[in-house]
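A quick write-up on the structure given underneath.
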Amino acid sequence: MQDPDPFQLFGKNNEMSVLNDKPWNIEAKAHLLDDAVTPNSSMFIRNNGIIPKNIDPQNWTLTIDGESVISKKSYSLEDLKTKFKQYTYQLTIECGGNGRSEYDPPAKGNQWTIGAVHCANWTGVRLRDILEDAEIKEDAVYTGFHGIDQHLSGDPSKEPISRGCPIEKGLQDETLLAFQMNGKAIPLAHGYPLRLVAGGWPGSVSGKWVNRISVRNVVHDGAKMKGMAYRVPCKPVAPGEKVNEDDMCIIESMPVKSLITYPKSGAILKKSKTLNIRGHAWASEYEVASMAYSIDFGATWHKCLLEKPVNRLAWQHFSAKIDFPAEGYYEVWAKATDSNGLSQPMVVPGWNPKGYLNNACHRIAIKIM
Amino acid sequence: MIREEWLNRLFKRLTHLIIGAISLSVVSGLLMIYLILNPSLSLVGSNLQKGKDPKTTIDPDRIENGIHVRTGLVEGKGLMAVVNNCTNCHSAKLVIQNRMNREKWNSTIQWMQETQNLWDLGKNHEVIVNYLVTYYPPQSKKRREGLKEIEWYVLED
């Protein structure tokens with residue numbers, strides 16, 4: 001799969017940025033995310049291992065196992081599609097490391113800027129329905145997924161990634177075992193033929209190419225669950241401070257954030273001094289309660305129109321009509337506030353060793369002539 | 001009558017065949033000219049000989065404008081040690097986008113050795129870390145950088 005033309009290979013817009021080609025990591029730009037429902041062409045790709053080849057959907061099975069399952073049970077794709085009710089939700093998935101490139105001192109890993117987020121429609125069955133059918137024990141605390149992607153070293157005994165979520169998140173209505181994305185079979189790079197989708201949590205919880213889910217009586221200990229991966233310091237630390245692994249806590253719901261998707265940064269308005277902006281805001285497990293913009297670096301904030309989400313865990317659309325007072329250089333800054341009263345910071349938030357959770361305000365440059 | 005019709009059909013088929021042959025030779029002729037003008041055949045070539053980048057058949061490790069063309073890494077002391085030890089599992093793109101001090105590059109290597117099957121680098125360990133801190137050191141961004149590389153365009157409404 002290490003073909004040199006990722007745009008053709010994955011059906012991506014050629015304005016997407018390729019951060020890494022082994023493993024494939026590709027992100028969008030803000031203006032490519034303007035659609036209400038993100039099309040495949042603008043969806044970021046974050047892979048930890050090598051994309052599997054030669055998938056045979058006819059013989060694909062999903063196995064439910066683990067300490068907290070009464071007895072191991074397997075389902076074919078056909079079983080999943082025919083024996084359980086199907087649901088479609090629009091779900092926001094953001095990479096935990098989205099915005100990493102802004103941390104100082106720099107954090108290691110793919111240097112995502114702002115484009116590692118998408119909100120597509122996912123169709124599948126509820127993980128809850130499958131787990132109920134498989135019968136889980138009362139002591140279940142966590143789920144852990146396993147996929148068929150290959151470790152970069154080629155070592156078959158290693159999994160590139162095997163993460164999961166607390167059982168409560170796994171049993172939510174919107175947590176799906178999906179086989180369709182935007183009404184079609186899931187593209188290979190996004191997890192064909194079966195993907196776990198846990199909206200609002202770091203994208204790494206939404207396991208791709210899933211063929212096994214372990215129901216655990218302990219916090220899942222698969223690859224990238226332990227150590228520093230997808231964890232932040234339990235207590236705030238100074239920039240660059242050394243943090244012990246024991247003092248790192250697993251990231252759950254992602255923080256409130258927004259993106260201005262229209263216009264593209266760098267717009268020059270020649271005659272009119274009125275600009276219509278629009279974009280999306282999301283607050284993961286919570287709702288975005290209000291949305292504001294500023295054209296004077298936060299001296300004054302003005303309300304945007306904000307729509308309700310189409311369903312829980314979907315991003316919300318905002319818009320505003322901006323009148324600029326005079327000619328000159330401006331930046332439009334956008335700030336979302338969630339239902340808990342938490343807002344996006346204008347500066348980069350608390351430093352953490354792996355550079356996760358940067359939800360600083362997005363801004364675009366505008367010139368009025 | 002029947003014989004005439006048959007002859008007619010035969011004639012038509014022959015004309016089709018001749019037209020086909022002429023167009024085929026024109027197309028292949030054009031292809032030949034294209035091949036002569038562009039022998040490296042960068043687009044088609046990569047499909048024909050999978051896994052072999054035709055550009056690198058000249059010199060797989062050639063340097064252009066201070067950049068190791070095959071990987072994109074900066075030319076400098078220790079470059080080949082990095083190429084040979086650090087681009088087997090992951091792409092050089094992962095190295096290039098990161099900026100770390102000596103301690104962090106060291107701990108990253110140690111993490112790869114402990115968890116990702118990276119081998120003992122021996123004498124190359126220091127060569128590699130020296131290269132990385134020289135060409136990929138941390139850059140200060142403070143609390144927030146200004147907008148950079150703005151591509152201005154006229155917004156027509």
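The values are calculated or read from the model by the stated rules, or taken from the named source; none is laboratory data. All values reported here derive from a predicted model rather than from experimental measurement. Every residue, glycine among them, receives a Cβ derived from its backbone with ideal geometry; neighbour counts consider all protein chains shown. Only protein heavy atoms, including side chains, enter the accessible area calculation; ligands, DNA and RNA are left aside. Shrake-Rupley method; radii C 1.70, N 1.55, O 1.52, S 1.80 Å.
Brief remarks follow.
- Residues of type lysines that A:LYS264 reaches as a straight line, Cα spacing below 21 Å, ignoring anything fewer than 8 places off in the same chain: A:LYS12, A:LYS29, A:LYS273, A:LYS303, A:LYS321, A:LYS335, A:LYS367, B:LYS148
- Within the shell defined by Cβ-Cβ distances under 11 Å, the residues around A:ASP79 carry a net charge of +1, with Lys and Arg each +1 and Asp and Glu each -1.
- On association of chains A and B, roughly 3500 Å² of accessible area becomes buried (total for both chains; probe 1.4 Å).
- In order through the stretch B:80-92: 3J(HN,Hα) via Karplus (6.51 cos²θ - 1.76 cosθ + 1.60), integer Hz, x for Gly, Pro: 5, 5, 5, 4, 6, 9, 10, 10, 7, 8, 10, 6, 5
- Reachable aspartates and glutamates from B:LYS104, criterion Cα separation under 14 angstrom, eight or more residues apart if same chain: A:ASP104, A:GLU241, B:GLU126
- Only DSSP H runs of four or more residues enter the estimate; each adds -39500 (n - 2.57), and after division by the residues of the protein assembly as shown the mean residue ellipticity at 222 nm equals -6000 deg cm²/dmol.
- J(HN,Hα) series, the stretch A:199-214, from Karplus relation 6.51 cos²θ - 1.76 cosθ + 1.60, nearest Hz, glycine and proline x: x, x, 9, x, x, 5, 7, 8, x, 9, 6, 6, 10, 7, 10, 9
- In order along the stretch A:143-149, the phi-based Karplus estimate (6.51 cos²θ - 1.76 cosθ + 1.60, θ = phi - 60°) of 3J(HN,Hα) comes to 10, x, 9, 10, x, 9, 5 Hz; Gly and Pro are listed as x.
- Shape box of chain A [Cα atoms, principal axes, largest first, Å]: 70, 44, 41
- Partner shielding of A:107-116 amounts to 3, given as the average count of beta-carbon atoms from other chains within 10 Å of each residue beta-carbon.
- Amide proton proximity set for A:LEU152, modelled H, under 5 Å, gap of 5+: A:ILE50
- Computed packing ranks the peptides A:10-21, A:129-140, A:275-286 as A:275-286, A:10-21, A:129-140, most packed first, by mean other Cβ atoms within 10 Å.
- With protein chains left intact and a 1.4 Å probe, residues in the stretch A:232-369 average 45 Å² of accessible area per residue.
- Using C-alpha pairs under 8 Å with a sequence gap of at least 6, the mean separation divided by the residue count of chain A gives a relative contact order of 17 percent.
- Surface share of carbon and sulfur [accessible, 1.4 angstrom probe, percent] for the protein assembly as shown: 54 percent
- Net +/- balance of residues flanking A:GLN172 in space, Cβ distance below 14 Å, scoring K and R +1, D and E -1: -3
- Gaussian network model of chain A, springs between alpha carbon atoms under 10 Å - residue of A:LEU171, A:LEU77, A:LEU269 with greatest fluctuation: A:LEU269
- Shielding value for B:83-89 is 2, the average number of Cβ atoms from other chains within 10 Å of each residue's Cβ.
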